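Trainee: Pasting a structure below so you can have a look.
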Amino acid sequence: MRAGSLAYIFRFAILAMTVPGPCFACLAQEREADAAVLRVSGGQISVTLPDEPMKLSRQELLGWVKGAANAVSTYYGRFPVPHLTLRIRSRSGSGIRHGVTYAKDGGLILISVGRDTELAETKDDWVLIHEMIHLAFPSMPDDQHWIEEGISTYVEPVARVRVGLMSLNEFWRTFIRDMPKGQPAPGDEGLDNTHTWGRTYWGGALFCLVADVTIRERTSNRKSLQDALRGVLNGGGEISKDWEIERTLALGDKATGTHVLRDLYRQMRDKPSPVDLDQLWKKLGVELKEGAVSFNDKAPQAAIRKAIAAHQSSSTTVTSRISQTGISGSKSK
């Protein structure tokens, strides 16, 4: 979840009153903590580790962070920001929860890990990658919060499958199962005006899927949404910047030599614009039947389907410098 807009800060504040988790007041009073610095391509991550005993070892926690950073760096060509502060807090039980990303000091992520979390759960985690992706896109006005969450929702499984953190079958199973959650319901007024959970996260992801396929169709599979998002990032569009959506999409379109993002936004911003997903899956040559995924390599756009999830070799190296130090807490902007 990305923090920043007034509406979403308020919603997070209400959630914080009912769900135990980190708070800035607590962070400001944090005592001496175990810390590590991970160096990534183009920057570094300052990690504060939990004080309490964990089933996961220190090295396993850092390995999880390295894996997430590698997936995001591989997708974008580099880590999105020069310096990220990552605060890992412990919680009861197992699992990875309550990720929130702030623009504070160029990038701050708070995330909670259960004290009983197993190593296998970190291998399947999507939360940290989702949060790191938020770093690679400028902060939008409230009405365009859907594109911030939609990009993270779409790119996260793409980034994971490309570096081997997610199987190909599970990747397409997730898309076929969950993309319908982003379709407009009766009374919908477009992505800019319908701020439900489904339209914000999966409606935004649906926008990204259609954009990715359309860019590939227009460029004979030579360009993609990845090129557009790299164009935005390399044009200075990271989380600490407050930009309007039109400026941001124009940078993405420039990187692909198309007007796909501009045209799709105009189509979906203020009217329902449902997507014919059955036809899209058929065109791509992928089907989910009784829980099993099958592929048709003779489908018209089978090459596009393969390219979306194609393995991508890591172009970055993640190293670490371990230290025992106290890191002061941060406050929201």
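Trainee: Across the range 157-163, in residue order, what do the Karplus-derived ³J(HN,Hα) couplings come to in whole Hz, using 6.51 cos²θ - 1.76 cosθ + 1.60 with θ = phi - 60° and x for Gly and Pro?
Mentor: With coefficients 6.51, -1.76 and 1.60, one gets x, 4, 4, 5, 5, 6, 10 Hz.
Trainee: To continue, here is another question. Check K271: other-chain or 5+ apart residues with amide H under 5 Å from its amide H, H built from backbone geometry?
Mentor: G190, L191
Trainee: Assuming R0 = 35 Å, what is the FRET efficiency of R39 and R266, from their Cβ-Cβ distance, to the nearest 0.05?
Mentor: 0.25
Trainee: Let me ask something additional. Would you kindly state how much longer the chain becomes between R115 and R177 on full extension, computed as 0.36 nm times their sequence separation minus their alpha carbon distance, in nm to one decimal?
Mentor: In short, 19.3 nm is gained.
Trainee: When a footprinting reagent is the concern and you count Cβ atoms within 10 Å, what order do D142, D125, D276 take, fewest first?
Mentor: D276, D142, D125
Trainee: Applying the Karplus parametrisation 6.51 cos²θ - 1.76 cosθ + 1.60 with θ = phi - 60° to the phi angles of the range 135-146, what ³J(HN,Hα) value in whole Hz is obtained for each residue in order, glycine and proline being reported as x?
Mentor: For the range 135-146, the Karplus-derived couplings read 5, 9, 9, x, 6, 9, x, 3, 5, 10, 4, 4 Hz, x marking Gly and Pro.
Trainee: Right, here's the next one. Out of residues 5 or more away from Q44 or on other chains, whose amide H comes under 5 Å of its own, with H placed 1.01 Å from N in the peptide plane?
Mentor: Sorted by chain and number, the residues that satisfy this are H83, L84.
Trainee: Along Cα→Cβ, 7 Å out, is where each label goes; now give me the distance between the ones at Q312 and R222 in nm to one decimal.
Mentor: About 1.9 nm, to one decimal.
Trainee: While we're on this one: Amide H of D51 versus every other amide H placed in the peptide plane: which residues, excluding those fewer than 5 positions away on the same chain, fall under 5 Å?
Mentor: So D51 has HN proximity to S90.
Here, each number is a calculation from the coordinates, and none is a lab measurement. If you're wondering where the values come from, they're calculated on a predicted model, not measured in any experiment. Every residue, glycine as well, gets a Cβ built from its backbone with ideal geometry; the counts of neighbours run over all protein chains shown.
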